[in-house]
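The structure under discussion appears below in the form of structure tokens.
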Amino acid sequence: MSPQPSVVVPGIGVSPGRAVGPAAFLPEPVAEPPSGRRLPPGTDYAAQAALVAAASGRVHAALEVAAARADGESADLLHATAAIAADPTLVADAEQRVLADRLVPERAVWEAAESVAAQFEALGGLFAERVRDIEDVRDRLVAELTGRPAPGLPERDHPYVLVATDIAPALVATLDPAQVLGIVTGAGGPTSHTAILARARGITAVVAARGVEDAVAEGDLVLVDGGAGTVTVGPDDAQVAAARALAAQVRTFDGHGRTADGHRVELLANVGSPADALDAAAQGAEGVGLFRTEFAFLDREEAPDVDEQVAAYRQVLAAFPGRKVVVRTLDAGADKPLPFLAGEPEANPALGVRGLRTAVAHPEVLEDQLTAIARAAAAQDADVWVMAPMVSTVDEAQEFVAACTRHGLGTAGVMVEVPSAALLAGPILAHAAFASIGTNDLTQYTMAADRVLGSVAHLSYAWQPAVLHLVAATCRGGAQQGRPVGVCGEAAAVPALAVVLVGLGVTSLSMTPRALPDVAAVLAATTLDECRRLATLALAASTAADAQDVVRAGLPVLADLGL
Ligand code: PEP
Ligand code: MG
């Protein structure tokens, strides 16, 4: 009997590498049991009520087993969720709803959990933060009572490739890369947070693989190629052996980015916290190309005071003595609203008061932040550069640089995330010391495609030739003024795109530290002339797919490295 031919489902590769393993489907979310579903007269109500306690016992035990396998924060979280599942008040309330209201057990559990959740919500603060956990327990109990698979990650005693229509970023954040070899989704986009997290966690991923849920069956062997953006169902033995050999290769970064002919390209890290900074330094990053300072402000009703900010920034700077650390001022608004900066509700928040624009109504927040950055910089040895997000005009750039100068921050630059800033890079860089292109937002604003919306994922793609033309325009502006132009959006982490960016004139690339070895390896195998030739081909392409194909075809090293 000849083996079944393999089927290839195309998608968008968002985290490189090759993963091979049996498919495991993410269970569909648990639906609310219809309201008012009651037990028929004559039912043994006590026996039905007892099912709740039994289900609670099993869910509690399963969560404790999972907690025992986990460590650190994940283990704490699972213990806490297990405790909610065994909560006697919740169980007693649900039992009462079976006995008194004659509700089916799953509906009784649903209503009892809703009532607990409402009480927690009303208490606010830390209690309100537990509501999501109560809903999680509710869903687990309903699944248990209705004989459905438990929601959340599939539990298998072997590693697998996770297949789903879409996966919430929060779930990706908790994945164990030893258990989940790769991720395939039918929906989702390349700049979605799911994709960003998969890359940060080093899990091979392909998104927007339309129809993959029908092409793959539970347990089928699948090969995920995160570089080419394909999912092969039923790969042959040679493909499996090649993928496993590549997956076993361990690459590291020697801390010195360069092309094959020695042209220097600084390879930096994107960080959001002191822990990230330590990790980035351990992985050889040459410095930090984007320090997202929002982390110090998230979940805060009031902005942290200057002392608190100084302490937080110093910890990040301390991880890179003598090295460049590019600190981005607060980027709030749109998908990152902060209570103390909230203004009038906006119909289009991505086009509203966000990033540097929040400083018009709240100049004191920017002033305090610059004070804190200057104090942290004076206390540490890092070479501190400062930049503002969402700069759209020459005036904004000039005012921001002037504010930094007043605080003694001599290297002040701008992020290029808005097409106007790319087109006016020359005049902007007459004032600013450097530019860093945020390709995530630049793509969103160039293509008019919300970066988190799966339905426009094909547009939110930095391979779009229009986006590449704006990168080229920014580099021309940088060359005119003799200023460096870096990239700190997700595009910098994609090895084939990194080659194009260098060919367009980008001087540094900042990315999740996990991507450093792959990007470094591909650059080290490619001369600057080759980068330029491939960049010219990409600019001449009329579609994103053509740009990607022509560049990948010119980089055989990608296949050699399994990227
Ligand atoms: C970007 O827009 O590319 C960027 C780096 O900023 P953020 O992802 O934080 O919006
Ligand atoms: Mg941005």
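What follows draws every value from the coordinates through simple rules; no lab data is involved. Quantities reported herein were computed from a predicted structural model and do not represent experimental measurements. Glycine gets a Cβ as well: all are built from the backbone with ideal geometry, and neighbour counts include every protein chain shown.
So between Arg251 and Glu294, what do we pick up on full extension, going 0.36 nm a residue minus the alpha carbon distance? Walk me through the intermediate numbers first.
Values: separation 43, 0.36 × 43 = 15.48 nm, distance 3.12 nm.
So the extension gain works out to 12.4 nm.
Rounded to two decimal places and with Rh computed the Kirkwood way over Cα pairs, what is Rg over Rh for the chain?
On the way: Rg = 25.8 Å, Rh = 25.5 Å.
Across the chain, the Cα-based Rg/Rh ratio is 1.01.
Within segment 314-362, report the trypsin sites (Lys or Arg not before Pro) that DSSP leaves as loop and that have at most 11 other Cβ atoms within 10 Å.
Values: sites: Arg314, Arg323, Lys324, Arg328, Arg354, Arg357; in loops: Arg323, Arg354.
Of the trypsin sites (Lys or Arg not before Pro), not one in the loops of segment 314-362 has a Cβ with at most 11 other Cβ atoms within 10 Å.
Looking only at the chain, where both bridge partners belong to it, what percent of the DSSP beta bridges are antiparallel (to the nearest 5)? It would help to have the intermediate numbers written out before the result.
Details: 19 of 56 bridges.
Counting only bridges with both partners in the chain, antiparallel ones make up about 35 percent.
Excluding the sites themselves, what is the longest stretch of the chain that contains no GluC sites (Glu not before Pro) in a DSSP loop with at most 16 other C-beta atoms within 10 Å?
Values: sites that count: Glu155, Glu218, Glu301, Glu302, Glu346.
Segment 347-563 is the longest.
Quick one: go through segment 214-233 and flag any residue whose amide nitrogen is under 17 Å from the point 7 Å out along the Cα-to-Cβ line of Ser6.
Only 215-217, 219-233 pass the distance filter.
Please rank Ser460, Ser15, Ser392, Ser455, fewest neighbouring Cβ atoms within 10 Å first, as an exposure proxy.
Values: Ser460 27, Ser15 30, Ser392 20, Ser455 11.
Starting with the residue having the fewest Cβ neighbours, the order is Ser455, Ser392, Ser460, Ser15.
Between the DSSP loop rule and a limit of at most 14 other Cβ atoms within 10 Å, which trypsin sites (Lys or Arg not before Pro) in segment 26-73 are left?
On the way: sites: Arg37, Arg38, Arg58, Arg69; in loops: Arg37.
Passing both the DSSP loop test and the Cβ count: Arg37.
Using alpha carbon centroids, what distance separates segment 388-441 and segment 327-358, in Å?
18 Å
Within segment 266-561, what percent of beta bridges assigned by DSSP are antiparallel, to the nearest 5? Walk me through the numbers before you get to the answer.
On the way: 1 of 27 bridges.
Among the beta bridges of segment 266-561, antiparallel pairing accounts for roughly 5 percent.
Placing +1 on the Cβ of each Lys and Arg and -1 on the Cβ of each Asp and Glu in the chain, which of Val109, Trp463, Ala54 has its Cα farthest towards the positive end of the resulting dipole?
The one lying farthest along the dipole's positive direction is Trp463.
Hey, rough spin-label estimate for Asp307 and Leu99, points 7 angstrom out along Cα→Cβ, what's it come to in nanometres?
Between Asp307 and Leu99, the label points sit 5.6 nm apart.
Rank the residues Leu162, Leu459, Leu351, Leu278 as a footprinting-exposure proxy: fewest other Cβ atoms within 10 Å of their Cβ go first. Spell out each step's value before the answer.
Numbers: Leu162 26, Leu459 19, Leu351 12, Leu278 16.
By the 10 Å Cβ count, ascending, the order reads Leu351, Leu278, Leu459, Leu162.
Evaluate segment 161-293: find the radius of gyration of its Cα atoms, find its Kirkwood radius, and give the ratio Rg to Rh. Could you put the intermediate results ahead of the total?
On the way: Rg = 17.0 Å, Rh = 16.7 Å.
With Rh from the inverse mean 1/r over Cα pairs, Rg/Rh is 1.01.
List the chymotrypsin sites (Phe, Trp or Tyr not before Pro) in segment 407-487 that DSSP assigns to loop (not H, G, I, E or B) and whose Cβ has at most 12 other Cβ atoms within 10 Å. Which are they? List each step's numbers first, then the result.
On the way: sites: Phe434, Tyr445, Tyr461, Trp463; in loops: Phe434, Tyr461, Trp463.
Taking segment 407-487 and a limit of 12 other Cβ atoms within 10 Å, no loop chymotrypsin sites (Phe, Trp or Tyr not before Pro) are found.
When the Cα centres of segment 251-316 and segment 83-112 are compared, how far apart do they sit, in Å?
Their Cα centres are 48 Å away from one another.
Can you sort Thr230, Thr446 so the residue with the fewest Cβ neighbours within 10 Å comes first?
Numbers: Thr230 19, Thr446 22.
Ordered from fewest to most neighbouring Cβ atoms within 10 Å, Thr230, Thr446 come out as Thr230, Thr446.
Binning every alpha carbon pair distance of segment 373-525 at 5 Å from zero, what are the percents per bin?
Using 5 Å bins, I get a P(r) of 2, 10, 18, 20, 19, 15, 10, 4, 1, 0 for segment 373-525.
What nm distance separates the two modelled labels at Ala342 and Ala402, each placed 7 Å from Cα along Cα→Cβ?
3.3 nm
Computed over the Cα atoms of segment 461-537, what is the ratio Rg over Rh, Rh following Kirkwood? Before the final figure, lay out each step's value.
Working: Rg = 11.6 Å, Rh = 12.4 Å.
Using Cα coordinates only, the ratio equals 0.94.
Report the rotationally averaged projected area of segment 45-146 based on its alpha-carbon convex hull, in square nanometres. Can you show the working numbers first?
Working: hull surface 24.2 nm².
About 6.1 nm², averaged over all directions.
Over its Cα atoms, what ratio of radius of gyration to 2.2 N^0.38 Å does segment 266-561 give?
Normalised Rg, Cα atoms only: 0.96.
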